[in-house]
Structures are given as C-alpha cells and as structure tokens.
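The values are calculated or read from the model by the stated rules, or taken from the named source; none is laboratory data. Note that the coordinates shown come from a computational prediction; the quantities given were computed from them, not determined experimentally. Ideal geometry is used to build each Cβ from the backbone, glycine not excepted, and the neighbour counts take in all protein chains shown. These accessible areas exclude ligands, DNA and RNA; they are computed on the full protein's heavy atoms, side chains included. Shrake-Rupley method; radii C 1.70, N 1.55, O 1.52, S 1.80 Å.
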Amino acid sequence: MPVAETLNPVQLHLLDMFKFCKSDLELHELKDVLCAYYADKVQKEADKLWDEGSLNAEAIEEIGKQHWRTPYQPK
C-alpha cells in the first residue's frame, strides 16, 4: 500500500491556481504556460551543456538511438 505524502509548496500553489480555471480552454492555456516554462528550462540546460562541450551532435544522435521504454516482462 502506498505511503501518503504531503504536498509540497509548489503542488499546493498549483492546486490553488487551478481553482480559477473555469473552462477547458483556461485549463488548456494554463497547461501550455507550464509546458512552455519547462521546455524553456530544458532548452537552457541543453544550451549550457552544448557550450560546455558535454553535449554535441554525436551525443544527440546516440540518445536518439536509445530505447527508453521499460521492457515487457510477463508475470
């Protein structure tokens, strides 16, 4: 049985914000804003790694060849 955990301050704030969403459109817009925020963070980190030389075209090509799915394991 999973252990109950309390919500962190970010989760609580997001829950508080979601109460203002009165339509599916507003929910979609808020999701878009959150996705754009995290996409920007990922892009900045990737740019930093590229500038440091830790990430290059060859590394990106190798990442693209990897299989990240969990293999199926019959019970």
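Quick look at the values:
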{"read-out": "Listed residues K41, K65, K31, most fluctuating in the chain (Gaussian network, C-alpha, under 10 Å)", "value": "K65"}
{"read-out": "Counted charge near L14, where neighbours are those whose Cβ lies closer than 15 Å (Asp, Glu -1; Lys, Arg +1)", "value": "-2"}
{"read-out": "Accessible surface of the chain, 1.4 Å probe, proportion on carbon and sulfur as whole %", "value": "60"}
{"read-out": "Nitroxide proxy distance, nm - points 7 Å out along Cα→Cβ at N8 and Y38", "value": "1.2"}
{"read-out": "Gyration tensor verdict on the chain (Cα atoms; rounded if a/c is under 1.5, prolate if a/b is larger than b/c, oblate otherwise)", "value": "oblate"}
{"read-out": "Under 21 Å from the Cα of K22 - lysines, other chains or at least 8 residues apart", "value": "K31"}
